[in-house]
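To start, I am sharing the structure in question, which I have written as structure tokens.
What follows is calculated from the coordinates using simple rules that are stated; it is not laboratory data. This structure is a prediction, so every number in the text was calculated from the model and none was measured. Every residue, glycine as well, gets a Cβ built from its backbone with ideal geometry; the counts of neighbours run over all protein chains shown.
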Amino acid sequence: MRRIRRRYSQRSGIDANVDLVPMMCLLCILIPMLLVTAAFEQLAALRTHLPKASTLAGGAGEGAPAEQKTPTGIVELRVAIHDNGLRVEATVSHTPEGVEKEAYEDIYYDIPIKGQEYDLDRLRAVLVDLKRRYPRHDEVVLLVDDAIPYDTIVQTMDTCREELYAEGGKKKRTILFPNIALSEAFDESKGFEGIRKGTREIDKRLESQQR
């Protein structure tokens, strides 16, 4: 075989004995270096959902049994993010003691922007107070304007979800409203109060049908 290779190489003028050792050494050095210095992509996901539709809007139709759920005292909790600050809106159906109100009551907390940053500490204080008065409620609807930066939305969601504080040299966590829904910001001047009033009439109609 060696004679044949030598004759072939002599006739063709090509050296058939290629030294691959330098190439293998180079690969043995480059591959571990690439694996060590590679920055693998890390993805983080925030769990959210869309606001729940009303019973009739969801296509259940009249006469369909509505979902039986023990009232938490708050019909809906909303946190609106605007250019000029935050606004907390809560539609309350019961008192903190559990007594049902004769009519829904809307309470508002306006949190103006401080300089160039949103006052998330004030927002946290308001949510902590609502959680203390209505501990069984765990849902909040985040109303966001189109021009709000993504980082502001994430920070607001984190503030609504939990409270982090230090006690006795240890970090502790209090769950506030972990179920977060994202929606567009409503403009009440365009008939939002009328929509809310119509929803209340539908709720009363469904209650009367069940009785």
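If packing is taken as the average number of other Cβ atoms within 10 Å across a peptide's residues, how do 84-96, 103-115 rank, most packed first?
Working: 84-96: 16.7, 103-115: 12.3.
Order by mean packing, descending: 84-96, 103-115.
Taking 0.36 nm per residue of sequence separation and subtracting the Cα-Cα distance, how much length would be gained by fully extending the chain between residue 154 and residue 125, in nm to one decimal? The partial results should precede the final answer.
Details: separation 29, 0.36 × 29 = 10.44 nm, distance 1.78 nm.
Full extension of this stretch gives 8.7 nm more.
Still on this structure, please answer the following. Would you please give the residues with an amide H less than 5 Å from that of residue 74, counting only those at least 5 places away or on a separate chain, with H modeled from the backbone geometry?
For residue 74, the qualifying residues are 93.
Would you mind counting up the charge near residue 92? Only other residues with Cβ under 11 Å from its Cβ, with Lys and Arg at +1 and Asp and Glu at -1.
Taking every other residue near residue 92 into account, the sum is -3.
For labels at residue 100 and residue 18 in the simple 7 Å Cα→Cβ model, what's the distance in nm?
8.6
Let me ask something additional. Between segment 101-134 and segment 68-92, what is the separation of their alpha carbon centroids in Å?
The two parts, judged by their Cα centres, are 9 Å apart.
While we're looking at this one, here's another question. Give me the net charge for the shell around residue 124: Cβ to Cβ below 11 angstrom, other residues only, Lys and Arg +1, Asp and Glu -1.
-3
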